[in-house]
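Since the structure comes first, as structure tokens, the remarks are kept for the end.
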Amino acid sequence: MKNLFALLFFASLAANAPAADIVPLPDKIACAAPDRQLAQVPDRVHLDGWVGGRIAVSEANRLVKVDTDRLLEGFRHRPGRQSYDGEHVGKWLHAATLAWANTGDPALRAKLDSVAAALVACQMPDGYLGTYVVKDRWTEWDVWAHKYDLIGLLTYARYTGNTAPLVACRRIGDLLCRTFGDQPGQRDIITAGEHVGMAPTSVLEPMVLLYRMTGEKRYLDFCHYIVRAWEQPNGPKIVSRLLAGKGVNEVGNGKAYEMLSCLNGALELYRTTGEDKLLQAAENAWQDVRLRRLYPTGTASYFEFFHPAHDFPPVNNVGETCVTVTWLQLNAQLLRLTGEARFADQIEKTVLNQLLGAQKCDGTEWGYYVQMEGKKPYSQTLDGNCCLSSGPRGIALIPTFALTTDGDGAVVNLYDAGQADLSLPGGGDVQIALDTRFPSHGDVMLKISTRRRKPFAIKLRLPEWSDDTKVRLNNGAPVDGKKSRDGYLAVTRRWRDGDVLRVAFSMKPRILVGDHQTANELAFCYGPLVLAADATLSNKTTPAFTIPAADPARFVLTPEPAPARLANWPGAQVFRLAYDGKTLPFEVIPFADAGQTGSEYKVWLPVAGRN
Ligand SMILES: [Zn+2]
């Protein structure tokens, strides 16, 4: 752990390096449905609490250290060693660009510049930038890889200001527009890849971005073609089935990662054109997942597919990390578009449990399926592992939505320690410093500085798990805790430098009662954290992790400092579990920290003798 702290220290030095504000390349096309809550450029928000530490190690121990020759290998020597080899470089460019924007790390920037240039150099004369040989083009995961080329290169260009790769992006876009369509001589994009065409048509997302950046209408026409293709007789019927109230398991073949990727593209198109049915379809999918298909840790799917309602096996290739990350992106998209706190509630659940639970504490490795029990399958080999490239994307996105702004002022979505320097849409700026050991402790102090003299709101997300949140301004009486229509508590005033908001969440332990596959089992939670029993915290060599009875009222959960070997941040905690005053032979730990030493862990704890 000493190394981890050293790296955290190094990363925080990098975060403080002087750098001019990043000004992203502007779009040429204005959005018909502009964001209500503005995603932040990652250089405006620096977290240094528990989540911030995980962001730092993802950059320092994973993204900077990636073997870039391995990322480019399939492009340099076609075909790639696996059918989807081409996706990794674009995913890395996306994550590493956001991470560099957050830290300003010159080593990562140098790596970004060289990888973007090397990728572009692999483009064929006709614009092709995949890893397939000519005879196999446009099968399996070929359009899919071009999607990630575009996402990576467009993100790189947007934040670094280096527009050179945009030429390559246009050539990819032009090749796709020529190749696919419903005109004579063009190919059907639905048949150009896996999962009822949901893999290839998820290229929608960056094609919308390419349209907005270039202003070329043919790219928008291509996006409309994709939405039409979804509804073809052989298509996945994404929009029509969701609008008809079908579950996500009845859309296409129910493959979760690809479907969520398509929905993220649909929302990007909605942002651009304002076509209401796209937002409605995505919101229906969100409701369906949240109510019927979401594990308590904030992931969905097993064996990579959505399944019938309330079907939650604890193990069965549960919770692919790519699904976790695209679910997080769907929530981040909906949060930007609607400004509603309910999406930030889901972001908190997913980030603090499943996303951090899939990342090894030191940032070096990621799990593919990160299940409700077993061992965390950490790995750092790209072969056969789409998730290893997806996890860091989820982590790198956190500073874009943790603290943001909307038309009323500033918005606090996540309560990690750190600071934000936000430009207010109505003019002026505000700096917010969060002092807290959240989520180990429920007290959060927000110090405000601003030069703006007119009143504006600071909106606080009041999470559902805290049934008695107290907010005080300076040393005054509690602020009236009523939520406004967007779900936030808005404190509106003429703010002065040194104003302090004190938020106290009630961190009462909560107990989830299982049903269906987890009948006669309980799961324990503390604030937003789902907890898990961990074999390293048991005084038996082969722990059973059983609890004496299923009556939640007779359990007491007591937080205590984590033992040194598990203390990966200053606030690290484990929890002693007692039943009728008798301490159980094992302790529980946040799911995100469970299994870090290669040990067995378990979220749902069975009642002894019942299963
Ligand atoms: Zn994956």
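The values are calculated or read from the model by the stated rules, or taken from the named source; none is laboratory data. Just so it is clear, the structure is predicted and the values come from calculations on it, not from any experiment. Virtual Cβ from ideal backbone geometry, glycine too; neighbours counted across all protein chains shown. For accessibility, only protein heavy atoms count, side chains too; no ligands or nucleic acids. Shrake-Rupley method; radii C 1.70, N 1.55, O 1.52, S 1.80 Å.
Observations, loosely collected:
- Cα centroid separation, the range 193-239 to the range 64-111: 25 Å.
- Label zone at ALA549 (point 7 Å along Cα-to-Cβ), backbone N below 13 Å, the range 572-588: 579-582
- Label-point separation in nm, THR191 to LYS28, each point 7 Å along Cα→Cβ: 3.4
- For the chain, the solvent-accessible area works out to 36 Å² per residue, with a probe of 1.4 Å and every protein chain left in place.
- Relative contact order (%) - criterion: Cα under 8 Å, at least six apart; region: the range 209-355: 20
- An ellipsoid equivalent to the range 8-142, defined through the eigenvalues of its Cα gyration tensor, has semi-axes of 31, 20, 13 Å when rounded to whole angstrom and sorted largest first.
- Dmax and Rg, reported as Rg then Dmax, of the chain (C-alpha, Å): 23.7, 76
- Surface share of carbon and sulfur [accessible, 1.4 angstrom probe, percent] for the chain: 52
- The alpha carbons of the range 493-573 occupy a box of 57, 33, 22 Å along the principal axes, longest dimension given first.
- Euclidean distance of C-alpha centroids, the range 501-527 and the range 465-496, integer Å: 24
- Cβ charges +1 (Lys, Arg) and -1 (Asp, Glu), total dipole of the chain, debye: 960
- Which listed pairs, of LYS135/LYS217; LYS91/LYS376; LYS217/LYS255, have C-alpha distances above 27 Å, in listed order: LYS135/LYS217; LYS217/LYS255
- Alpha carbon convex hull of the range 178-259, volume per residue in cubic angstrom: 91
- When only alpha carbons are used to place a centre, the range 25-45 and the range 158-182 end up 21 Å from one another.
- Listed peptides 174-181, 426-433 by packing density, highest first (mean Cβ within 10 Å): 174-181, 426-433
- Segments 94-102, 342-350, 159-167, 284-292 sorted - mean Cβ within 10 Å per residue, highest first: 94-102, 342-350, 284-292, 159-167
- Lys, Arg +1 and Asp, Glu -1 on Cβ, resulting dipole of the range 453-611 about Cα centre, debye, nearest 20: 960
- For the range 78-169, the Kirkwood hydrodynamic radius from C-alpha pairs, put into Stokes-Einstein at 4 °C and a viscosity of 1.567 mPa s, yields a diffusion coefficient of 97 µm² per second.
- Shape call, the range 351-475: gyration tensor on alpha carbons, a/c limit 1.5: prolate
- Between helix 165-179 and the chain there is an angle of about 70 degrees, using the helix long axis and the longest principal axis of the Cα atoms.
- Listed residue pairs exceeding 26 Å between alpha carbons, taken from LYS147/LYS602; LYS470/LYS602; LYS375/LYS540: LYS147/LYS602; LYS470/LYS602
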